[in-house]
1. Give me the net charge of V38's neighbourhood, meaning all other residues with Cβ under 12 Å from the Cβ of V38; Lys, Arg count +1, Asp, Glu -1.
2. How big is D for segment 108-161, in µm² s⁻¹ as a whole number, if Stokes-Einstein is applied with the Kirkwood radius of its Cα pairs at 10 °C and 1.306 mPa s?
3. Using the Cα centre of segment 35-86 as the reference point, and only Cβ charges (+1 on K/R, -1 on D/E), how large is the resulting charge dipole? Debye, rounded to the nearest 20.
4. So how strong a dipole does segment 114-162 carry about its Cα centre when Lys and Arg Cβ are +1 and Asp and Glu Cβ are -1, to the nearest 20 debye?
5. Using just the Cα positions, wrap segment 84-214 in a convex hull and report its mean projected area in square nanometres, one decimal place.
6. Going by average Cβ neighbours within 10 Å, how do the peptides 142-154, 36-48 rank, with the highest at the top?
7. One quarter of the convex hull surface, Cα atoms only: what value does that give for segment 42-115 in nm²?
8. With a cut-off of 14 Å, note down the residues of segment 55-71 whose backbone N falls inside the zone around a label point 7 Å from the Cα of D47 toward its beta carbon.
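Bear in mind these aren't lab numbers, they're just calculated from the coordinates by the rules spelled out. Quantities reported herein were computed from a predicted structural model and do not represent experimental measurements. Cβ: placed from backbone, ideal geometry, glycine included. Neighbour counts: every protein chain shown.
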Amino acid sequence: MKKLVCFVLGLTLCLSASAMAESLPSKTTSDLTRFEVVAENQPNDPDIYLLPVNEVTVGVQLPDYQERIDVCQVEIEKLAASENAESYFAGATDSDGNPVNLRELLGVEEDVVLNVFEFCPAIAGGFQEDCGKVTATMLFSTPYEKDEKVLVLIGIVTILEDGTQNVAWQVFEGIGLGAVEGQEETYGSIQVELTPEIVAAIQNELALLAVVSE
């Protein structure tokens, strides 16, 4: 049940605007999907942000992000049509451009199903070119266990002349922080360190975020 519910939650974050009013999680649930970021060379900077795009995080500006929502929906459909998560993310690389094996990074056997618990557009702002490494703590309505290995994938989208789109996915290893104090036990957070290059790409281009775990 955990896997099914969390996968559906991740998908609802990216539904088209016409369906969003009916299909978004409740405001309470959406409000719990938030990110906190700290930049190595911009400590205590209140102007930096990294956000998932949903009704709560961007409010009345949601229509301004319709292109990102539509792009995300296309990729959700591609993921749903794929044999599994590995086949969809087959071209993913690490931050140095080296191909990666999701199972090896997670340390799981071949018969273990990999799940995409979150999948949404992402935006960022306020980061300087020399911001350094960025540590993101992401709170989701998914019960990530303490010290659980997770993979945070950032996809940079290119829209081609024929209207189709390609996504270059980069993989970053994250860790579960466990249940969040003061919240229902079904809510947990993860932490991941991102490179300044990928943060700049999120800030300046069309970006998607996905979380893969066992």
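1. Every neighbour counted, the sum reads -3.
2. Translational diffusion coefficient: 106 µm²/s.
3. Working: 2 positive and 12 negative charges, 19 e Å.
It works out to roughly 100 debye.
4. Using only the charged Cβ atoms, the result is roughly 240 debye.
5. Dividing the Cα hull surface by four gives the mean projection, 9.1 nm².
6. Working: 142-154: 19.8, 36-48: 14.1.
Going from most to least packed, we get 142-154, 36-48.
7. Averaging across all directions leaves 8.0 nm² for the Cα convex hull.
8. Counting backbone N atoms under 14 Å from the label point, the list is empty.
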